[in-house]
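K.L.:
Have a look at this one.
No lab work stands behind these numbers, since they all come straight from the coordinates. Keep in mind that this is a model prediction, so the values were computed, not measured. Heads up, the Cβs are rebuilt from the backbone with ideal geometry, glycines too, and the neighbour counts pull from every protein chain shown.
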Amino acid sequence: MSATRRAIYGALGGIGGTLVLTGFRKVLAALGLVGTSAPEQVVERLEELGLVDEWSPEARRVLVVIAHYAYGLGTGTALGLLRRRRGGATEEASVGSALGVLTWGVGWASWLPLAGVHLPPWKQQSPKVLLPILDHVVFGGVWGLLYRLVR
């Protein structure tokens, strides 16, 4: 299968994974278990830098949603390019979850701390780090199943 097709199918899986992750986070928020998401933290950092001072609270919320879905779309696209084989549903969910955790590690250990959004995971308390790992396991598992389905 061509790289273009893998990227498109990965992007579709990324959007679907982001939709499921959004619902998952809403359930966790209702239980009082969720803090701020990475897109929320990025927008908070933009606020600290004064880059969105003129923006209304509604516009900032829209920016968070756009950042959330753009991250899911971009991540799904990248995972589609990485995933060349097609396995059964269990294999795809497992590989997707592993790739989701890899994605978490890359972001949380590199560009997010470098951008001043937060400390790297090894300098944070465990509960703050564990929820994003779970988020990425869910996202990746759903991504893997959707990627298999659309392929």
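K.L.:
What full-extension length gain, to one decimal in nm, is calculated for VAL34 and LEU49 as 0.36 nm per residue of separation minus the Cα-Cα distance?
P.N.:
On the way: separation 15, 0.36 × 15 = 5.40 nm, distance 2.48 nm.
Using 0.36 nm per residue and subtracting the Cα-Cα distance, I get 2.9 nm.
K.L.:
How would you rank 108-120, 25-37, 68-80, highest first, on the average number of other Cβ atoms within 10 Å across their residues?
P.N.:
Numbers: 108-120: 14.8, 25-37: 12.2, 68-80: 20.9.
Going from most to least packed, we get 68-80, 108-120, 25-37.
K.L.:
Can you compute the helix-only [θ] at 222 nm over the chain? Use -39500 (n - 2.57) per DSSP H run of at least 4 residues, normalise by all residues, nearest 500 deg cm²/dmol. Display every interim value, and only then the final one.
P.N.:
Details: 5 runs with 108 residues, N = 151.
It comes out at -25000 deg cm²/dmol, rounded to the nearest 500.
K.L.:
With charges set only on the Cβ (+1 for Lys and Arg, -1 for Asp and Glu), what does the dipole of the chain come to about its Cα centre, in debye to the nearest 20?
P.N.:
Numbers: 15 positive and 10 negative charges, 175 e Å.
Using Cβ point charges on Lys, Arg, Asp and Glu, the chain gives about 840 debye.
K.L.:
I'd like the orientation of helix 57-82 relative to the chain: the angle between its Cα long axis and the longest Cα principal axis, in ° from 0 to 90, rounded to 10.
P.N.:
That helix lies at roughly 30 degrees to the long axis.
K.L.:
Need one number: nm distance between label points at ALA109 and SER56, each 7 Å from Cα along Cα→Cβ, rounded to one decimal.
P.N.:
4.3
K.L.:
Here's another thing I want to ask about it. If a paramagnetic tag sat 7 Å from the Cα of VAL27 along the Cα-Cβ line, which residues of region 98-140 would have the backbone N under 20 Å from that point?
P.N.:
Correct set: 98, 100-101, 130-140.
K.L.:
Still on this model: So what is the relative contact order of the chain, in percent, for Cα pairs below 8 Å that sit 6 or more residues apart? Mind showing how you got there, number by number?
P.N.:
Numbers: 175 pairs, mean separation 62.8, N = 151.
Computed over the chain, the figure is 42 percent.
K.L.:
Now a separate question. Dividing the alpha-carbon Rg of region 3-150 by 2.2 N^0.38 Å yields what?
P.N.:
Values: Rg = 15.6 Å, N = 148, 2.2 N^0.38 = 14.7 Å.
Ratio of Rg to 2.2 N^0.38 Å for region 3-150: 1.06.
K.L.:
Now, a different point. Could you go through region 98-111 in sequence order and give the Karplus-derived ³J(HN,Hα) for each residue, using 6.51 cos²θ - 1.76 cosθ + 1.60 with θ = phi - 60°, rounded to whole Hz, and x for Gly and Pro?
P.N.:
Working through the residues one at a time gives 4, 5, x, 5, 4, 4, 4, x, 5, x, 6, 9, 10, 6 Hz.
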